[in-house]
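Below is one structure, written out as structure tokens, with a few remarks after it.
Where a number appears in this text, it was derived from the coordinates with a stated rule and is not lab data. Only a predicted model underlies this, so the values are computations on that prediction, with no experimental measurement involved. Note: ideal-geometry Cβ built from the backbone for every residue, glycine included; neighbour counts use all protein chains shown.
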Amino acid sequence: MSKDLWIAEYDRLLEEGEELGMTPTEAEAYAERYAQDRFVDRIADMADHARLMKKEGRV
């Protein structure tokens, strides 16, 4: 799961870089630079959401 999530973040950043007008090489560097941070943020968001769901009795 975590490998797939990291790759998904990398792909999102790659696309984001291209949408911002970066060259393919620049977009790859951008994705490589920020993928780990975005991945960690995504995992934290998932944990917060799960904790909230449990607190509200939805799980």
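Values for this structure:
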item	result
Student exercise, the chain dipole from Lys, Arg, Asp, Glu Cβ charges, in Debye to nearest 20	620
Extension reserve of the D11-K55 stretch, reckoned as 0.36 nm per residue once the Cα distance is removed	12.6 nm
Residue among I43, A8, M22 farthest towards the positive dipole end of the chain, charges placed on Cβ	I43
Value of relative contact order over the chain, rounded to a whole percent, pairs C-alpha under 8 Å and six or more apart	32
Label selected from (1) 14.7, 47; (2) 12.5, 39; (3) 25.9, 88, the criterion being Rg and Dmax of the Cα atoms in Å as computed here	(1)
Computed helical MRE - 222 nm, the chain, DSSP H runs ≥ 4 contributing -39500 (n - 2.57), nearest 500	-30000 deg cm²/dmol
